[in-house]
Amino acid sequence: MIGVVRLGYVGAGFMAQKVHLPNFTNLPGCQVVALAEARPKLGEMVAKRFGIPKLYRHHSELIADPEVDAVAVSAHFAAQGEIARDALLAGKPVFMEKPMAVSVEQAERILEASRKTGAPLMVAYMKRYDAGYELAKEYVAKFRQSGELGRITLLRIHYFGGDWIYGLDTPFVSTDEPVPQPPFIKPAWLPDEHVQRYIGFMQQYVHAFNFVRWLLDAGDDAKVIWVDLDDDGYTGVVVLRVAGVRVILETGSLRHHRWDEHTQVYFERGWVHMWSPPLLLRNQPAEVEVYIGGDRHEYLRPLPKDRWSWSYKREAEHFIRCLQTGEPFRSPGEDALIDVKLCEEVYRKWLRL
């Protein structure tokens, strides 16, 4: 357990500047003491803006700093996993953006590093920290236990996206420095010509896999049944079986002024329906509707206790609190491995490999 967590942050790009650094630098019990950024001019500008006293050109230098208690990282999908692995091997707890890896093999290397040193890994799946989704999960668990609405007959996730930035006005600076090239990491079985399609699908829908497993308390009880994707490897329908429940995932993109994502859990006599807020819309949790049918018909629109809260801030709070108290992460690396496996399974079925 740690008192004040001295955090080192790796990366000074969009998510760092817009989301994670503003959150971590304003949390009680957390001091961001170091920043690592390969682009020196950008690193200087961001470190100055957030009052970060130490600046490093390479993540290995930050990890070696004895004053850094824990490391947070947001970088290219392939690179951030390697950075997280280096930090875990050094015995530093890690907070990282999803996905934890771009292949099962890379994910297993990361987890082996965590097991070797005992340093814990948290993967930042912000949906698990959304107050509205927490409330919806409570209702789903209540109805499953009581049997009041009968059994679950279908869980449907419609996930087309749209404007995810939603006018977030947090300042963002950039330079003309070249962006560091990520390592070329992919599943060994995946043909090179499909890598970008696979990464595009994974970085979006790994969220859905992680969320539905958490919503149903499924753990690793999840498998892909059927896949029908267009030639873009992104648009279509995926059918899963999660904790014995049939799950339909509708995938695609939409030029939408809001965020087109909602999840509906159908029982025999009602439903729990959730609408995701645009991702970077601050202080707006998911909306929840409960329909109770059968002998009576009633709609509820319950509000979570934290009515005006932001999932990204709550996940940062969770990471710091767990380091201070020793409680386990809600989205640990061991659990996130399952989502990487599901992404690979989808593409194997789509490509018939």
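The values are calculated or read from the model by the stated rules, or taken from the named source; none is laboratory data. The structure presented is a predicted model; accordingly, all values stated were derived computationally and were not measured. Here the Cβ positions follow ideal geometry from the backbone for every residue, glycine too, while neighbour counts run over all protein chains shown.
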Subset of the range 22-39, residues in contact with a helix residue (DSSP H, G or I) (Cβ under 8 Å, 6 or more places away or on another chain), aliphatic (A, V, I, L, M) and over 20 Å from His76 (Cα atoms), comes to Leu27, Val32
The correct count of residues that are of a type in the set (Val, Ile, Thr) and free of Cβ contacts under 8 Å to residues at least 60 places away in the same chain in the range 34-54 is 1
When the range 250-270 is checked residue by residue, the ones that are more than 20 Å from Arg128 (Cβ to Cβ) and touching a Leu at 6+ places or on another chain (Cβ under 8 Å) are Thr251, Asp260, Tyr266, Phe267, Glu268, Arg269, Gly270
Within the range 190-233, restricting to residues that are among the β-branched types (Val, Ile, Thr) and either in contact (Cβ under 8 Å) with a residue 12 or more places away in the chain or surrounded by 19 or more Cβ atoms within 10 Å (Cβ to Cβ) (or both), the one that is farthest from Ile157 (Cα to Cα) is Ile199
Picked from the range 67-115 (must be part of a loop (DSSP other than H, G, I, E, B) and among the aliphatic types (A, V, I, L, M)), the residue farthest from Gly333 (Cα to Cα) is Val68
Just one listed residue, out of Gly167, Gly244, Gly270, is exposed (fewer than 13 other Cβ atoms within 10 Å of the Cβ) and closer than 24 Å to Gly150 by Cβ, and it is Gly244
Those residues of the range 147-166 which are touching a residue at least 12 places away in the same chain (Cβ under 8 Å) and either in the same structural domain as Met45 (by TED's automatic domain parsing) or part of a loop (DSSP other than H, G, I, E, B) (or both) amount to Glu148, Leu149, Gly150, Arg151, Asp163, Trp164, Ile165, Tyr166
Counting only residues that are over 16 Å from Pro171 (Cβ atoms) and crowded, with 18+ Cβ neighbours inside 10 Å, the range 1-23 contains a total of 6
Residue set Arg144, Arg213; condition at pLDDT 95 or above, outside any loop (DSSP other than H, G, I, E, B), within 23 Å of the chain's Cα centre (by Cα) and of a type outside the set (Phe, Trp, Tyr); output residue Arg213
From the option list Asp220, Asp260, Asp228, single residue qualifying as part of a loop (DSSP other than H, G, I, E, B), in the same structural domain as Pro304 (by TED's automatic domain parsing) and at negative phi is Asp220
